[in-house]
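These notes concern the structure reproduced below.
The values are calculated or read from the model by the stated rules, or taken from the named source; none is laboratory data. Treat the numbers as computed from the prediction; the structure is a model and nothing was measured. For neighbour counting, all protein chains shown are included, and Cβ atoms are generated from backbone atoms with ideal geometry for every residue, glycine included.
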Amino acid sequence: MTQQRAYLSLLLVILFGLCGQVHSGVRSYQLIPQQVAPDVYVFEGSREHFNFENGGNIVNTGFIVGVDGVIVIDTGPSKLYGEEMRRAIAKITDKPIVKVFITHLHPDHFLGSQGFANAPVVALPETVVGIKQLGEMFNDAMYRLVGSLMKGTEVIVPEVFDYQPTVDIAGRKLDLIKFSGHSGSDLAILDRSSGVLFAADTVFFERTPTTPQANVDQWIRDLKQLEAVPFKVLVPGHGPVVDDQRAIKQTASYLNWLRESLSRAAEQGRSMAEVLVPDESGNPFFSLAVFWEEYQRSVAHLYPKLEQQAISHGGVEQSQP
Ligand SMILES: [Zn+2]
């Protein structure tokens, strides 16, 4: 009986596994542009982690239709995504793609660049260096996480562009705002005529922020600066589009909570195992998408350093008279 059950389970696993593979092999991302202002569109991704079902589409990308060309902001997680994005843009306008900005080095934001062959794909210098160093590793990791939708995806290293705080492209005036808290080099873009701010991953909304390459203190300062930007619509890197300060405030309060609760725990000498399970009572962040996964990832890479600081800080205190 037990053997029969084991056989049945194995059969189910094999069947579902195979079904999943075939299914993801024929699927497309079904990208539908969402208009957020006149001539400004966003492709909103899911609020999940990378998986075979979403094919890595967990990110927000977008485009602005200018007077004589189109400006693209980020290219998504794979060749297929980039190609679908380009086809979706072509259904809205036949104007050429004149510039593709990559906001930062994370794979879901730049691995679709093959879809924009023959268009200038550009990024800040630190982002270009980061993609040169880590791009292939990210691409391999994405294949493992996402599977067949990554087929044929190759790393396209963007070109460094001549940075100016304000630029005129395709008849649109854009403010290019440089931050560094999320990944070391993070570009935000304000389209002045529509008031749409593409905040990229400096802002998350209703989705727990990721911190693997973050400088949390700097990120909180970046958000303070972002509060003063006169936008009408804000497109976060992940999560729904908003027309007010909510997303900025939510990202800042999560980061403040993360920093303070982890620092306090380190000062109290609590172990990482204890910290991995935070107190749920009164914690407003539990409702954010993928809270547990992101929180525990953040603890894993932030907590050892905080423990070290607490120990050396304690050592200094003890040596005081
Ligand atoms: Zn991202």
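Return yes when Pro304 is touching a residue at least 24 places away in the same chain (Cβ under 8 Å) and not in a helix (DSSP H, G or I) and no when it is not.
Considered against the rule, which asks whether it is touching a residue at least 24 places away in the same chain (Cβ under 8 Å) and not in a helix (DSSP H, G or I), Pro304 comes out as no.
Listed here are the residues, each with its yes/no results for (1) more than 25 Å from Gly55 (Cα to Cα); (2) under 18 Å from the mean Cα position of the chain (by Cα); (3) of a type in the set (S, T, N, Q).
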| position | (1), (2), (3) |
| --- | --- |
| Asp162 | yes, no, no |
| Gly184 | yes, yes, no |
| Ser194 | yes, no, yes |
| Asp201 | no, yes, no |
| Phe205 | no, yes, no |
| Thr210 | no, yes, yes |
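Within the bounds of the stretch 124-140, is there any residue that is surrounded by 18 or more Cβ atoms within 10 Å (Cβ to Cβ), away from the ligand (no atom under 14 Å from the Cβ) and in contact (Cβ under 8 Å) with a residue 60 or more places away in the chain? Yes - at least one qualifying residue is present in the stretch 124-140. When Val242, Val290, Val277 are checked against the criterion of being of a type in the set (Val, Ile, Thr), within 20 Å of the chain's Cα centre (by Cα) and surrounded by fewer than 18 Cβ atoms within 10 Å (Cβ to Cβ), a single residue qualifies: Val290. Mind checking whether some residue in the stretch 251-261 is more than 28 Å from Lys178 (Cβ to Cβ) and of a type outside the set (A, V, I, L, M)? Yes, there is a match, as at least one residue in the stretch 251-261 is more than 28 Å from Lys178 (Cβ to Cβ) and of a type outside the set (A, V, I, L, M).
Of the residues making up the stretch 97-110, just one is farther than 22 Å from Val65 by Cα and more than 9 Å from the ligand (Cβ to nearest atom), namely Leu105. Within the stretch 94-116, residues that are basic (Lys, Arg) sit with their Cβ atoms under 8 Å from residues that are in a strand (DSSP E or B), at 6+ positions apart or across chains, in these pairs: Lys95/Val65; Lys95/Val70; Lys99/Ile71; Lys99/Val72; Lys99/Val122; Lys99/Ile169. If you check Pro120, Pro212 for being in contact with a His (Cβ under 7 Å, 6 or more places away or on another chain) and either modelled with pLDDT under 95 or surrounded by fewer than 24 Cβ atoms within 10 Å (Cβ to Cβ) (or both), only one passes: Pro212.
Considering each residue of the stretch 271-298, count those that are in contact with a strand residue (DSSP E or B) (Cβ under 7 Å, 6 or more places away or on another chain) and in a helix (DSSP H, G or I), and give that number.
First pass over the stretch 271-298, keeping only residues in contact with a strand residue (DSSP E or B) (Cβ under 7 Å, 6 or more places away or on another chain): 288-290.
In the following step, the residues that additionally are in a helix (DSSP H, G or I) were identified as none.
Number of matching residues: 0.
Counting only strands (runs of 3 or more DSSP E) that sit completely within the stretch 169-247, those holding 1 or more residues that are farther than 19 Å from Val36 by Cα, more than 13 Å from the ligand (Cβ to nearest atom) and not polar (S, T, N, Q) correspond to 172-179. Annotation note: Cβ proximity below 7 Å between a residue of the stretch 224-238 that is touching a residue at least 12 places away in the same chain (Cβ under 8 Å) and a residue that is among the charged types (D, E, K, R) and more than 15 Å from the ligand (Cβ to nearest atom) (sequence gap 6+ or interchain) occurs for Lys232/Asp243; Val233/Asp243.
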